[in-house]
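Reading through the C-alpha cells given below for one structure.
Quick note: the coordinates plus some simple rules give every number you see, no bench work behind them. Everything numeric here is computed off the predicted structure, so don't read it as measured data. Positions of Cβ are generated from backbone atoms using ideal geometry, with glycine treated the same way; all protein chains shown enter the neighbour counts.
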C-alpha cells in the first residue's frame with residue numbers, strides 16, 4: 001500500500017512538472033503565467049493586425065496606437081499625427097509657454113490637428129498597427145471592405161496614405177485656404193492656422209469643393225493614394241520641389257550601426273527604401289534632428305523646420321550617416337587620490353558591519369519595488385570595487401555575496417512564489433519584475449532603468465565569479481533582461497527590437513504613451529542618465545564576460561544617447577531650447593514638451609540631480625562640457641543657496657570641474673542618495689581631484705579607458721577585463737600594455 005501511494009505521488013509530481021509554469025534557463029528560472037495576485041499590462045488585447053508578430057513595441061513614439069482604440073498624439077516630427085473615429089488627423093506643432101507652480105517654464109509644442117484624411121460613410125471601430133520598421137509605421141483603419149492606411153515616417157516631411165474602396169475626404173477643423181491648385185491639379189497648397197501643407201495626388205485625380213472646409217478626392221482606377229506634406233513656406237517653387245519626391249513611398253526603414261574599435265567610433269547609417277508610385281524618382285526628403293546634422297559631413301538643403309527638439313534640417317536622398325567618437329567608460333576610477341585611506345575604509349566598514357545591503361526604497365516603504373531593489377545591487381557593486389582597492393577582502397566578499405544571493409533569489413521562480421521573481425508576459429513579450437512599481441507591470445514603464453541597475457550590479461558579480469555568469473548558470477537570464485530592454489537580434493521574436501530606444505531620435509522613452517492622462521504630449525523620459533546607465537551596464541557585462549555583440553550594442557546605445565542627452569536634456573550648444581525656457585537643462589523630455597519638474601517633487605535640487613545620477617565611470621562625458629556643468633550648478637546654487645538633499649550627488653557632479661569645491665559643499669550630515677554611499681562619494685571626489693578633466697581629443701582602441709588632463713599633465717587609464725594581456729593604442733600614439741584583470745594608469 002505504501003509503495004502504491006509513493007508511486008502515485010511520484011506520478012503526480014511528474015505530471016505537475018510536465019505542466020509547470022516555471023521556465024528554466026540554465027540554473028535560473030522565470031514564470032510564463034502571471035503570479036497570483038499580481039497585475040500585468042492594462043491592455044490585454046493590443047490594437048494590432050495579424051501582420052504584427054512577436055513582442056510588441058510598447059515604448060516607442062507611436063506606441064499609443066497599440067495601447068488604445070485609436071491613439072493619443074504622436075510626434076513623428078516635423079508633423080504631428082493622431083487617429084480618431086473621425087479619421088487620421090494631421091497637425092503641425094505650435095509653440096506655447098506655460099508657467100509651472102514654482103515659476104519654472106514648460107515649453108510645449110502640442111499636436112494641434114489641422115485636417116483629417118477620412119472617407120464617406122466610413123465607420124472604423126479602431127486604428128491598428130499594421131507594420132513597424134526602424135523609424136516608420138503603417139496604421140490601418142477598416143470598415144468592412146473599406147480601408148485607409150497611413151504610413152508615417154520619423155523625420156519625414158511626408159505622410160503617405162493608401163486606401164481601398166473608399167471615397168476620400170479632407171476635413172478641416174477650420175476652413176483651410178487653398179493657395180495653389182484647382183479641381184484638376186495633382187497637387188494643392190493649403191494654409192491652415194498659419195501653417196503650410198501640400199497634398200499630392202495621382203495625375204488625373206479630381207477635387208470637389210476645394211473652397212469648403214470639407215472637400216473630396218477621386219483618383220484614377222488603380223491609383224488609390226495621396227501624400228500630405230508639411231511645407232516650410234508657401235512658395236510655389238517649394239511645393240514643386242517637394243512634389244518631385246512625394247511619390248517615392250517608403251517600404252522599409254533601416255538603422256545600421258557598428259562600433260569600429262580601432263578608430264573608437266560609432267558609425268550609424270539611416271536608410272529609407274522606397275517604391276515609386278508615379279514618375280521615376282525613387283528619392284525622398286528627410287528632416288534631420290540636431291544630433292544628426294551637428295558636426296557631421298552631411299549636405300543639407302535650404303529648408304528647415306522648428307521643432308521641440310530644435311531645428312530640423314532637410315536633406316535630399318534616402319540615407320545619411322553619422323559618426324560619433326566613443327570616449328570610453330571606466331568600471332571604477334583608478335585608486336590614485338591622496339585621501340585618508342583609513343577614513344575611506346571606515347566608511348566601507350560602516351556598511352559592512354551593519355550588513356546594510358538590501359534596503360527598502362523611499363518610494364515604496366516595506367516593498368522591494370524593482371527600482372529600489374536594483375539600485376541596491378548597483379550600490380553594492382560600486383562598494384565592492386572600492387573595498388577591492390582598499391584590500392578589504394571581507395567587505396568585498398560580503399558585498400558580492402549579497403549581490404549573488406539577491407539575484408539568485410530573483411532568478412529562482414516557482415508556481416507558489418508571487419514576488420521576488422520575473423514573469424515573461426507573452427502578449428507584449430516582456431519580462432516583468434515583481435513586486436511591481438512605477439508602472440513597470442501595467443504600462444511597461446522604466447524597465448531599462450530597473451534592469452540597467454540590476455545588470456550593473458550583476459557585472460561586478462561576474463567580475464568576481466566568471467562561472468556564475470556563464471549562460472548555463474545565471475548569465476543566460478541576464479541576457480534575457482538585456483533582450484527585454486534592447487533586443488538586438490531581429491529574428492528573436494520573444495521581444496520587440498530595441499523596445500525602449502528611439503532609433504531615429506537617438507534616445508530612450510521610459511513611458512511609451514499608454515493612456516494615463518499624461519499622454520497628450522506623447523511618450524516621455526525623465527532621467528536620461530539612468531537610461532545611459534543601462535547602456536553602461538551592457539558595456540560592462542559584455543566586456544566582462546567576453547560577449548562582443550552585447551558590448552558593441554551597449555557602446556552604440558551609450559554613445560548615441562549621450563549625444564541626444566547633450567542636445568535635448570542639456571542643450572550644451574545653446575540653440576535647441578527656446579529663449580522663453582528659463583532653465584539650463586530640461587528635467588523631462590516628451591514627444592511634444594520639455595519641462596523642469598519630476599514625477600514626485602518640485603524640489604529644485606532633485607529636479608536637477610535626477611539627470612546627473614547615478615554618477616559612475618560612465619558619467620565622465622560631463623567632464624567634456626565644463627561650461628555646461630558650471631552653469632547648471634550656478635543655477636542650482638542661486639536658486640537654493642545651500643544644498644540640503646542629495647548633497648553627495650551634487651558634490652560628485654561638481655567634481656567634474658572643481659573637486660576642491662566639491663569637497664567643501666559635500667555635507668555628510670545629510671544621507672546619501674539611495675543608490676549611492678558616503679564611501680563612493682569620498683572616493684570619487686578625491687580621485688577626480690588627482691585626475692583632472694577628460695581630454696576630449698584622445699580616444700583608444702579598447703572598451704574600458706579614459707584620458708584625463710590636469711594642468712597639462714595627461715593620465716591614461718585602462719582596465720583590462722580579459723584573461724589575457726592586451727596592448728592599447730591611443731589616438732595620440734601612446735601605447736600601454738595591460739595585464740589581465742588590471743587597471744593601469746600612466747602619465
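Contact order for the range 68-126, expressed relative to its length and based on alpha carbon pairs under 8 Å spaced 6+ residues apart, stands at 33 percent. Would you compute the Debye intensity of the range 171-246 from its alpha-carbon atoms alone, equal scatterers and no solvent, and pass along log10 I(q)/I(0) at q = 0.23 Å⁻¹ to two decimals? Log10 of I(q)/I(0), two decimals: -1.09. Here the calculated FRET efficiency for residue 164 and residue 276, from their Cβ-Cβ distance with R0 = 22 Å, stands at 0.65, rounded to the nearest 0.05. Please list log₁₀ I(q)/I(0) at q = 0.12, 0.18, 0.24, 0.26 Å⁻¹ for the range 673-724, using the Debye equation with identical point scatterers on the alpha-carbon positions. Each listed q corresponds, in turn, to -0.37, -0.74, -0.94, -0.98.
When the alpha carbon gyration tensor of the chain is reduced to an equivalent ellipsoid, the three semi-axes, largest first, read 47, 32, 23 Å. Geometric descriptor of the range 482-630, per residue, is 128 Å³ (volume of the convex hull of the Cα atoms).
Put a dot 7 Å past the Cα of residue 409, heading toward its Cβ, do the same for residue 353, and the two dots end up 2.5 nm apart. Helix 341-354 versus the longest principal axis of the chain: what angle, 0 to 90°, nearest 10, using Cα atoms? So the inclination is approximately 80 degrees.
Ranked by how many other Cβ atoms sit within 10 Å of their own Cβ, fewest first, the residues 44, 183 fall in the order 44, 183.
Report note on the peptides 59-69, 322-332: ranked by the mean count of other C-beta atoms within 10 Å, highest first, their order is 59-69, 322-332.
Measure out, as a whole number of angstrom, how far apart the alpha-carbon centroids of the range 676-738 and the range 29-85 sit. Taking the Cα centre of the range 29-85 as reference, the centre of the range 676-738 is 43 Å away. When each of 491, 335, 732 is scored by the number of other beta-carbon atoms lying within 10 Å, the sequence from fewest to most is 491, 732, 335. The ratio of the alpha-carbon radius of gyration of the range 64-325 to the globular-protein estimate 2.2 N^0.38 Å is 1.03. Scaled to the globular estimate 2.2 N^0.38 Å, the Cα spread of the range 524-609, given as radius of gyration, is 1.27. In terms of its alpha-carbon gyration tensor, the range 612-671 comes out oblate; a/c meets the 1.5 threshold, while b/c is at least as large as a/b. Classify the range 47-124 as rounded, prolate or oblate, taking a ≥ b ≥ c as the square roots of the eigenvalues of its Cα gyration tensor: rounded when a/c is under 1.5, otherwise prolate if a/b is larger than b/c and oblate if not. Cα axes put the range 47-124 in the oblate bin.
Note on residue 660 and residue 549: the model spin-label points, each 7 Å out from Cα along the C-beta direction, lie 5.2 nm apart. Relative to the dominant Cα principal axis of the chain, helix 528-545 is inclined by about 60°. Highest mean packing comes first when the peptides 383-389, 348-354 are listed by Cβ atoms within 10 Å, giving 383-389, 348-354. The gain in end-to-end length when the residue 741 to residue 638 segment is fully stretched comes to 32.6 nm, 0.36 nm per residue minus the alpha carbon separation. Classified by the C-alpha gyration tensor, the range 80-213 has an oblate form. Its axis ratio a/c, with a ≥ b ≥ c, is 1.5 or above, and a/b does not exceed b/c.
Across all Cα pairs in the range 288-414, the calculated P(r) in 5 Å bins from zero up to the longest distance comes to 2, 8, 13, 12, 10, 7, 7, 7, 9, 11, 7, 4, 1, 0 percent per bin.
Ordering 240-253, 629-642, 557-570 by mean Cβ neighbour count within 10 Å, with the highest value first, yields 557-570, 240-253, 629-642.
To the nearest ten degrees, helix 2-18 and the longest principal axis of the Cα atoms of the chain are 50 degrees apart. Note on the range 695-747: along the principal axes its Cα atoms extend 34, 16, 14 Å, ordered by decreasing extent.
Suppose only helical runs count, i.e. DSSP H with n ≥ 4. What mean residue ellipticity at 222 nm does that imply for the chain under -39500 (n - 2.57) per run, divided by all residues and rounded to the nearest 500 deg cm²/dmol? Mean residue ellipticity at 222 nm (helix-derived): -9000 deg cm²/dmol.
Averaging Cα coordinates gives a centre for the range 91-157 and one for the range 290-312; these two points are 22 Å apart.
Straightening the chain between residue 574 and residue 401 buys 57.6 nm, computed as 0.36 nm per residue apart minus the Cα-Cα spacing.
Given 5 Å bins starting at zero, what is the percent of C-alpha pairs of the range 344-469 in each, up to the one with the largest pair distance? All Cα pairs, binned at 5 Å, distribute as 2, 11, 20, 22, 19, 13, 8, 4, 2, 0 percent.
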